[in-house]
Amino acid sequence: MKSLRPALVWVCLLAPVAAHAKPHLVSALPSKNATVKSGTLSITLTFDRELDPVRGRMMLLGATGAPRLLIVPPPTTPNVLTATADVTPGAYTVEWSASDKDDAAASGSIPFTVTP
């Protein structure tokens, strides 16, 4: 019985961590360091779990230097965030944040370039 104690301690310590893992970005369009054409850009972020539908955010940092908060509509797929933005040639970054239904939050950025 004594040999089981260390294993039980580890299970008790690790269980809360596993239950509160944050959402992970599985894929992004545009992808990191992608080159896209100017015009209306569709941004799609896919995560490994269902998200809280009201806590997804995206901000576009672009050629002008001014951040633009993008409208993220309620998701039609529970693990996907989408937005659109009109873009002109230059370097851009999408800054995003998302939370799952257990309130675990994640954030990140995706740099890309727009050509004419």
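The values are calculated or read from the model by the stated rules, or taken from the named source; none is laboratory data. This structure is a prediction, so every number in the text was calculated from the model and none was measured. Positions of Cβ are backbone-derived with ideal geometry, glycine not excepted, and every protein chain shown enters the neighbour counts.
Overview of results
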{"item": "Residues of segment 94-110 that turn out to be part of a strand (DSSP E or B) and surrounded by 14 or more Cβ atoms within 10 Å (Cβ to Cβ), as a count", "result": "10"}
{"item": "Unmet requirement for T64, which otherwise passes all of (1) in a loop (DSSP other than H, G, I, E, B); (2) surrounded by 13 or more Cβ atoms within 10 Å (Cβ to Cβ)", "result": "(2)"}
{"item": "Number of the exception - A85 against (1) modelled with pLDDT of 95 or more; (2) loosely packed, with under 15 Cβ neighbours inside 10 Å", "result": "(2)"}
